[in-house]
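Student: There's a structure below that I have some questions on.
The values are calculated or read from the model by the stated rules, or taken from the named source; none is laboratory data. Since the model is a prediction, treat every value here as computed from it, not as a measurement. A quick note on method: Cβ atoms are made from the backbone with ideal geometry, for glycine too, and the neighbour counts reach across all protein chains shown.
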Amino acid sequence: MTSVKFTVAIDGPAAAGKGTISRAVARHFGFSHLDTGLLYRAVGAKVLHGMDPLAAAQTLTARDLEADDLRTPAVAQAASQVAVLVDVRAALVDFQRSFARRDGGAVLDGRDIGTVICPQADAKLFVTASAETRAQRRFAELQASGNTDSFEQVLSDVKTRDARDAGRAEAPMVAASDAVALDTSMLSIEDAVARAIAIVQNASG
């Protein structure tokens, strides 16, 4: 990469693989990485502990992103619920845009990076997979951590979250018109990462 500032926007639904792909792309190019979903998970976790959503967003710190309970199903649903709140999204926009402009390049993954946060990003990907594939991945993760939710419940949660994320009035989850689609349903992690790296490399000229 020749550009000192190079922004990669990676969007997509839950469990499509965008987090894994984003971290791998950042490592490959030596860019910084921000999982913007963690911002909303951290806000959601604070709300579950009784805090007002806007106050939780306005007082968010880097330390909040390191909490141990941010990957639970309850926090995931809370994150999706606070993400529909206009004031909460506005409170977190500046943090994300500042990160995207940092020297040395940045990869941001989330739901609205290529459409709202960084519409001028140098490279845009929309990573997706079927709801059943994503539910199976999430189910395996939850089983490994001792969670007892059934596959049917996980699939229902995935579909509910998809509908909420795609249907919200403010910054809905949609692919940017100039994003490159990457369906990981039938891809190994290695193949998906290799394709993503090639897409970013091509965008860099």
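Student: Within region 171-196, how many residues turn out to be surrounded by fewer than 16 Cβ atoms within 10 Å (Cβ to Cβ) and within 22 Å of residue 105 (Cα to Cα)?
Tutor: 3
Student: Only one residue in 200, 116 is at pLDDT 90 or above and either more than 17 Å from residue 12 (Cα to Cα) or over 15 Å from the mean Cα position of the chain (by Cα) (or both). Which one?
Tutor: 200
Student: Inspect all residues belonging to region 135-151 and state whether any of them is β-branched (Val, Ile, Thr) and farther than 25 Å from residue 197 by Cα.
Tutor: Within region 135-151, one or more residues are β-branched (Val, Ile, Thr) and farther than 25 Å from residue 197 by Cα.
Student: Any idea which residue in region 60-101 is farthest from residue 116 (Cα to Cα), counting only those that are surrounded by 13 or more Cβ atoms within 10 Å (Cβ to Cβ) and of a type in the set (Val, Ile, Thr)?
Tutor: Only one residue tops the list, namely 72.
Student: For region 80-108, give me each residue that is assigned to a helix (DSSP H, G or I), modelled with pLDDT of 90 or more and either of a type in the set (Gly, Ala, Ser) or at positive phi (or both).
Tutor: The answer is 90, 91, 100.
Student: Could you list all residues from region 128-149 that are modelled with pLDDT of 95 or more and not in a helix (DSSP H, G or I)?
Tutor: Those that are modelled with pLDDT of 95 or more and not in a helix (DSSP H, G or I): 128, 129, 130.
Student: Related question: Taking region 16-38 as the region of interest, how many residues are aromatic (Phe, Trp, Tyr) and in a helix (DSSP H, G or I)?
Tutor: Count: 1.
Student: Sticking with this one: Do you know which of the residues in region 150-170 that are of a type in the set (A, V, I, L, M, F, W, C) and exposed (fewer than 15 other Cβ atoms within 10 Å of the Cβ) is modelled with the highest pLDDT?
Tutor: So, considering only residues that are of a type in the set (A, V, I, L, M, F, W, C) and exposed (fewer than 15 other Cβ atoms within 10 Å of the Cβ), the one modelled with the highest pLDDT is 163.
Student: Return yes when residue 74 is part of a helix (DSSP H, G or I) and in contact (Cβ under 8 Å) with a residue 24 or more places away in the chain and no when it is not.
Tutor: Here the answer is yes, as residue 74 does meet what is asked.
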